[in-house]
Amino acid sequence: MLDRMSRISKKQPSVCTPDPLADVEVYHKLAVLGQVLSSCFGPHGRLKQIHNSVGGHIMTTSTSAVLLKALTLSHPLLKLLAASVLNHVSRFSDCGLFAAILSCALVDQARGLSVESSIVSGVYRRLLGQCSNYLNQEDCGCKVPVDFGSSRSLLALARGVITSKPTCMLMHREAQHISKQVLQAFLQTIPLNTLGSVTLGKMVVVPVEGQPVGDTTVLPGLLVDMPEMLHLTDVEQLGQGPLRLALFKVSLAGDLSKPGEGTLEVDWEACLEAAILEQLLRLGEQMVQDGVRVFACQRVVHPVLQQYLKKHGIIVVERLGIALMEPLIRVTGAQAVATFQTPIPVQSYGQVAGLGVRHFGSRDMLHMLPAGNQACCTLVLCHRNETALNELKVACQRADHVLRLTLKEPWALLGAGCTETHLGAYIKHQSRIDVSEAVSELGCSHADYLLAADAFFRSLDSTARALEHDGQGCLVDLTYGHRWVVPGGTIPNTWGAVVGSCGCGLMRPRGNLDWVPLSTEYLPFSPTPPDTGAYPLVLDSFPAKLNALQVAVETANLVLELKYIIEDVN
């Protein structure tokens, strides 16, 4: 008894850490995370390789969602930032790095001010409202409408997502081809001739390693791995469609399903395996009688049942996995059956227009053609190596989600940093106009308000500067507020001769344009909406970036206003 009591340790009190940002070590960790994420930003971002000290899987990426999930973060502030960004990406798929970098910059800029953090948070919150109001205006200078009558804007959106992931290792021609295929797949998921509410279809990505990127293609319907015992002649013997299909989501391997918390009573003379096999064969007899030609199962099918079905000319596809169930239901119109112990109702069957066999490199795939107007397709995604293929798969799925968001809000923002610099110039100008109203509302001094407003503006500019990683100079023009890039070390009076188009590709250099480096101060000005009649080459998702801006500011405010961290050490 005494020995057992000696092993019981006294419960320790919780550890309370006041003002965590005042801790140099905590601030250093936050700064390092910001630098790591900033170095990943944009099409020229640096790759990150993640592995542990004892071997195992090595991951190479520059995508925020993949990177933050793989990192082991120790401090609650870092976990808070990562959770905010991951939640944003799970809902909008894009602009995760933008949100994280801007949030770190806002905290860093605020920490360098001799202003109370509560005042800085109030100013940030007010300026966020001004940014949101401006971006939602029809005449916003960094917003363009998405024209669904042309593929130009949709293609620019898809290309912007894909080319921002350098781990994909795509040449210009390859990036253009992938963008077109993603756009084609997206358009095939939009139902035709639908009245009332519209439900979008699904794009399924099938990765194929070792094949050229140019072999990437979009096929209607669904591709699944070819069953081992299935031959091309078996498929050809099915003849013309439509073919009736039965779909099961329960295991048909002959084992018992989980009884849950109930009690299972079995007669001592009964053989469970024989009884279940008898039920499975009874199910097979019904399939033959009902004219089923394709038998699909999410899990395993008993070998005896497979042999019986094959004998009667029925194609068996097993081990589909849960990820393929939803698209297969969409393609076939079938209902996923959850039991084999009762007769299957006829209305649960679906159908396919036909079956075919496709060959992609070393993979043989069974092609299920949709019957009718089923808005579901398969993107066969090819790349030369596994690392690039994994990153490209994520990028294509993100691009598809961004295009879906555009159906709800048909707007896009200027890409390549032009929205950040334009918005920064707008905020700098607006903060000088309504100083009296702002200080009256926030209860702070003129000096404190302007210091916090300049910190907000500099944070947007530093986020735009994070896109450059090769020592080039970043400029902002003092008319439109767009971002420009010049070779490093260029003399200012020669900028007009060496500068190309702006980051988003909308503006070309003109004789009346003046530039200043992004890292320097300039007089406030109201950025003019462009009147070139051209269309930008690089676009960002409007709903994704607007939400990322809100997440960045709100997360930074939460970090700034955090006064205590209470940790249970037991």
Only one of Leu245, Leu223 is under 23 Å from Gly333 (Cα atoms) and in contact with a Gly (Cβ under 6 Å, 6 or more places away or on another chain). Can you tell me which? Leu245
By residue number, the members of region 315-329 that are open to solvent by 10 Å² or more (accessible area, probe 1.4 Å) and in contact with a Phe, Trp or Tyr (Cβ under 9 Å, 6 or more places away or on another chain) are Val316, Glu318
Filter region 61-116 for residues that are in contact with a helix residue (DSSP H, G or I) (Cβ under 9 Å, 6 or more places away or on another chain), open to solvent by 50 Å² or more (accessible area, probe 1.4 Å) and assigned to a loop (DSSP other than H, G, I, E, B); which is farthest from Asp461 (Cα to Cα)? Ser74
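Have a look at Gln335, Gln306 and point out the one that is out of contact with any Cys (no Cβ under 6 Å at 6 or more places or on another chain) and surrounded by fewer than 19 Cβ atoms within 10 Å (Cβ to Cβ).
Numbers: Gln306 fails: surrounded by fewer than 19 Cβ atoms within 10 Å (Cβ to Cβ).
One residue alone meets the criteria, Gln335.
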Here the residues within region 138-153 that are open to solvent by less than 70 Å² (accessible area, probe 1.4 Å) and within 13 Å of Leu413 (Cβ to Cβ) are Cys140, Gly141, Cys142, Lys143, Val144, Val146, Ser153
Determine whether region 272-294 contains at least one residue that is open to solvent by less than 50 Å² (accessible area, probe 1.4 Å), within 16 Å of Lys311 (Cβ to Cβ), touching a Lys or Arg at 6+ places or on another chain (Cβ under 7 Å) and modelled with pLDDT of 75 or more. yes
Can you find even one residue in region 127-135 that is within 11 Å of Val553 (Cβ to Cβ), of a type in the set (A, V, I, L, M) and open to solvent by less than 40 Å² (accessible area, probe 1.4 Å)? yes
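Across region 309-353, what is the number of residues that are part of a helix (DSSP H, G or I), among the aliphatic types (A, V, I, L, M) and either modelled with pLDDT under 90 or within 24 Å of Thr189 (Cβ to Cβ) (or both)?
Let us first name the residues in region 309-353 that are part of a helix (DSSP H, G or I), namely 309-311, 322-332, 346-348.
Subset that is among the aliphatic types (A, V, I, L, M): 309, 322-325, 328-329, 331, 346.
After this cut, where a residue has to be either modelled with pLDDT under 90 or within 24 Å of Thr189 (Cβ to Cβ) (or both) as well, the list is 322-325, 328-329, 331.
Adding up the residues that qualify gives 7.
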Would you pick out the residues in region 532-557 that are modelled with pLDDT under 90 and open to solvent by less than 20 Å² (accessible area, probe 1.4 Å)? Pro536
Conditions first: (1) modelled with pLDDT of 85 or more; (2) open to solvent by 50 Å² or more (accessible area, probe 1.4 Å). Pro529 passes all but one, so which condition is the exception? (1)
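Give me the residue from region 354-401 that is of a type in the set (Asp, Glu) and at pLDDT 90 or above and, out of that set, surrounded by the fewest Cβ atoms within 10 Å (Cβ to Cβ). Outline the logic, then answer.
As a first pass, look at region 354-401 and keep what is of a type in the set (Asp, Glu): 364, 386, 391, 400.
Within this subset, residues satisfying the condition of being at pLDDT 90 or above are 386, 391, 400.
Working: Glu386: 12, Glu391: 24, Asp400: 22.
Out of the qualifying residues, it is Glu386.
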If you go through region 174-191 one residue at a time, do you hit one that is of a type in the set (Val, Ile, Thr), touching a strand residue (DSSP E or B) at 6+ places or on another chain (Cβ under 7 Å), at pLDDT below 95 and open to solvent by less than 20 Å² (accessible area, probe 1.4 Å)? yes
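The values are calculated or read from the model by the stated rules, or taken from the named source; none is laboratory data. All values derive from a computational prediction rather than experimental measurement. Cβ: placed from backbone, ideal geometry, glycine included. Neighbour counts: every protein chain shown. Protein only, heavy atoms only, side chains kept; ligands, DNA and RNA dropped before computing areas. Shrake-Rupley method; radii C 1.70, N 1.55, O 1.52, S 1.80 Å.
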